[in-house]
Amino acid sequence: MKLNGVIFDLDGTLIDSMYIWDDLSYDLLCANGITPKDDLRDKVSTMYLEESSRYVIEEYGLPCTVEEVNRYINERVENFYLHEVLPKQDILPFLERLKAAGIPMCVATATERKLAVPALEHNGMLGYFSEILTCREIGQNKNDPLIFEEALRRLGTEKNGTVIFEDSLHAVSTAKAAGFPAFTIFDKSSARNKEKLMALSDRFFYRYEELNGCFENL
């Protein structure tokens, strides 16, 4: 296919960060003497920060405000995003190839801007993207295509040539239902959905170097 533009997810797609989120809500509930349900991780994995904070308060009767839960999570992850998080394997050469080919790129993420921007900057990726869109600022999580549609509008590219790169089943499902091509990079956090992702995605891959020769103009 001919590539016109790219919309990248952040966590698990550009940076290797999903594992830091897996136990945050779980640990917070346990610390308050509350036993989490088995589906907690799956539930919050589709939400942006403020939404997940509100969910654990309302679902579990957590005696905290949304602001307090947000603060707890931000304190746990802030140093990681500013100084420790690493890029996904082979992503930097792939971004350089996209840039050299004149392909416009942006980021659409459920992560807060104050974490996303330093993580990209820390890993030398910030300058590749014309826009960074967050679910909180858009007002919808990735169960809704609004963030992808807004990213497309800002890129100014044709939908059928604008590929969404993701790692999670719910986001890939949304992208495909909205008519976007969707490529999935494997991440351990979504391993349980591997077979579904392989069936749903236009391309499923483990490393970005596997995409060499995939696009006729790259």
**Complete:** Of the residues in the stretch 141-171, those that are surrounded by 16 or more Cβ atoms within 10 Å (Cβ to Cβ), touching a helix residue (DSSP H, G or I) at 6+ places or on another chain (Cβ under 7 Å) and more than 20 Å from Ala101 (Cα to Cα) come to Asn141, Lys142, Pro145, Leu146, Ile147, Phe148, Glu150, Glu166, Asp167, Ser168, Leu169
**Request:** Any chance you could count how many residues in the stretch 13-55 are modelled with pLDDT under 95 and closer than 26 Å to Asn160 by Cα?
**Result:** 1
**Request:** Select the strands (runs of 3 or more DSSP E) contained entirely in the stretch 156-216, then report the ones holding at least 3 residues which are within 22 Å of Leu40 (Cβ to Cβ) and without any contact (Cβ under 8 Å) to a residue 40 or more places away in the chain.
**Result:** none
**Prompt:** Which of the residues spanning the stretch 45-68 are farther than 21 Å from Ser189 by Cβ and either part of a loop (DSSP other than H, G, I, E, B) or among the β-branched types (Val, Ile, Thr) (or both)?
**Reply:** Ile57, Gly61, Leu62, Pro63, Cys64, Thr65, Val66
**Fill in**
Flagged in the stretch 54-102 as more than 19 Å from the chain's Cα centre (by Cα), within 30 Å of Met125 (Cα to Cα) and β-branched (Val, Ile, Thr), in numbering order, are Val69
**Request:** Report, ordered by the first and then the second residue, all pairs with beta carbons closer than 8 Å, sequence separation of six or more or different chains, a first member in the stretch 107-133 that is charged (D, E, K, R), and a second member that is buried (at least 22 other Cβ atoms within 10 Å of the Cβ) and in a loop (DSSP other than H, G, I, E, B).
**Result:** Glu112/Tyr48
**Asked** Which one of these does Met47 not meet: (1) outside the structural domain of Pro145 (by TED's automatic domain parsing); (2) surrounded by fewer than 19 Cβ atoms within 10 Å (Cβ to Cβ)?
**Response** (2)
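The values are calculated or read from the model by the stated rules, or taken from the named source; none is laboratory data. It should be emphasised that the depicted structure is a prediction, and the values quoted were computed from it without experimental measurement. Cβ sites come from the backbone with ideal geometry, for glycine too, and all protein chains shown count toward neighbours.
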